[in-house]
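One structure below.
The values are calculated or read from the model by the stated rules, or taken from the named source; none is laboratory data. If you're wondering where the values come from, they're calculated on a predicted model, not measured in any experiment. Cβ atoms come from the backbone with ideal geometry, glycine included; neighbour counts cover every protein chain shown. The area values use the complete protein model at the heavy-atom level, side chains included, leaving out ligands, DNA and RNA. Shrake-Rupley method; radii C 1.70, N 1.55, O 1.52, S 1.80 Å.
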Amino acid sequence: MTTAMGAALRRIQLGNALSAFGNGFTVPYLYVYVAKVRDLGASTAGVVLAMLAVAALAVLPLTGRAIDRRGPLPVAIVGTVSAAIGSLGLGLSSTEPLVIASAAALGAGIAVVQPALATMIVWCSTTVTRSRAFATQFFLNNLGLGVGGLVGGLLVDESHAASFVRLFAIEAVMFLVLGATVATVRLPRVPKVEDPVPSEERPAGAWRALFADRRMMWVCLLGFVLFFACYGQFESGLAAYATEVTRIPPASLGIALAANTAAIVAAQFVVLKLVERRRRSRVMALVGMVWTVAWLAAGLSGLVHGAQAVATTLLISTYALFGIGESMLSPTLAPLVADLAPASLIGQYNSAFALVKQLALAVGPAVGALMVGHGMYGAYIVMLVVCALGITALSLRVGRMLRPWQDNPHRVAPAAAVPAARVPAEAESVVCGA
């Protein structure tokens, strides 16, 4: 990676970490804020949380087209402004319609920013350096969320709405800081490449090209199972199982969540060093095995009666093992999506994968909460063990379809040296710089 590209990436990562820090201020307290502080009730709080996902699902199908036509930078700036307006609106709103509208603006803004930032990282990295760039982004996101949550907990006071207004205002400022930071990054111009997708039919043709890409379709299926079986369970099924079956107190559940973040922060770069020169498909297959052990540990925690310390340890281990698996995914899955994309459809591919993630995050909590809520504890654990084993099987299937340089960029030096956006060497020296 050139010095100029490194400087650009550092700016992108810094802004991303600051926005995650601001987001950490409010994420753990949004339900309490809407339901109790603003006294709008649990139903409205549920609608607000659902609106974050609904707004994301509404804008993501259009985001990829905007990124590929206009470039990721203006799309990212629009997203940060929308998120800032939504965050500040949540802090100032005291009626149900305004709170829901603000949540829609926040959800849409965050959803737009994610694939735009991913595309910026792709444009400012090479095939070889991309794994480290995405791993760094994931590490800083989790660190920012964790630190933000801790600091927010010190500032918040449930009996004073003004303390929550302060939190949302800080989050809004952090989104604007992200927008201002990425605005200083000089990105390559969209390259002129031979593309089978006619530009005049881009909306239909881009999606048609994506759906015709069998490798990408399998990766999307893999991504759905991954997000359904992990992130989709954290705040719903797994949390309900922990409190109702394992019977750990809420404070211990907080420790379990902290163990997940700590595992990611502690292990990310150690894991990166171990996996970045290995086949991506094999690393993702190993994630499935790690998560299989995690779900078995969760199941055992509900069977250990009369030994609460052992049950709690098993449950905390489940969250920590999830963190290890996440640290293995960050340098493999997102870079793989980027390397599958044609140069002129990088934004489309990133947005499509973000859409798959949002669908999994919408379906996963609903299924998990429904099964645990109806007492289907054994079936719930069995389903997720099967999902984890499915991750391993799907990863190996994807690996057989990938080209060698897509599965392991370090094994093929000529391809690894080419920037993802296929920018000519002479242009690379003057763009994507500080």
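Would you confirm whether any residue within region 300-323 is closer than 30 Å to Met401 by Cβ, assigned to a helix (DSSP H, G or I) and open to solvent by less than 20 Å² (accessible area, probe 1.4 Å)? Even if it seems obvious, please write down each step before you answer.
Here is the first cut: in region 300-323, the ones closer than 30 Å to Met401 by Cβ are 321-323.
Adding the requirement that they be assigned to a helix (DSSP H, G or I) leaves 321-323.
Those still in the list that are open to solvent by less than 20 Å² (accessible area, probe 1.4 Å) too: 322-323.
Yes, region 300-323 contains a residue that is closer than 30 Å to Met401 by Cβ, assigned to a helix (DSSP H, G or I) and open to solvent by less than 20 Å² (accessible area, probe 1.4 Å).
Considering the conditions (1) within 22 Å of Ile248 (Cβ to Cβ); (2) modelled with pLDDT of 90 or more; (3) open to solvent by 20 Å² or more (accessible area, probe 1.4 Å), Met371 is excluded by exactly one of them, (2).
Annotation note: of Val75, Val48, Val37, the sole residue that is farther than 23 Å from Val337 by Cα and out of contact with any Leu (no Cβ under 9 Å at 6 or more places or on another chain) is Val37.
Among the residues of region 22-38, is any open to solvent by 20 Å² or more (accessible area, probe 1.4 Å), without any contact (Cβ under 8 Å) to a residue 60 or more places away in the chain and closer than 28 Å to Val185 by Cα?
Taking region 22-38 as the starting set, the residues that turn out to be open to solvent by 20 Å² or more (accessible area, probe 1.4 Å) are 23, 27-29, 31-32, 36-38.
Among the residues that remain, those that are also without any contact (Cβ under 8 Å) to a residue 60 or more places away in the chain are: 31.
When the remaining residues are screened for being closer than 28 Å to Val185 by Cα, the result is none.
For region 22-38, residues open to solvent by 20 Å² or more (accessible area, probe 1.4 Å), without any contact (Cβ under 8 Å) to a residue 60 or more places away in the chain and closer than 28 Å to Val185 by Cα: absent.
In region 343-370, the residues that are on the phi < 0 side of the Ramachandran plot form Cβ pairs under 6 Å with partners that are hydroxyl-bearing (Ser, Thr, Tyr) and crowded, with 24+ Cβ neighbours inside 10 Å, at six or more places apart or across chains, as follows: Ile346/Thr119; Gly347/Thr119; Asn350/Thr119; Ser351/Thr63.
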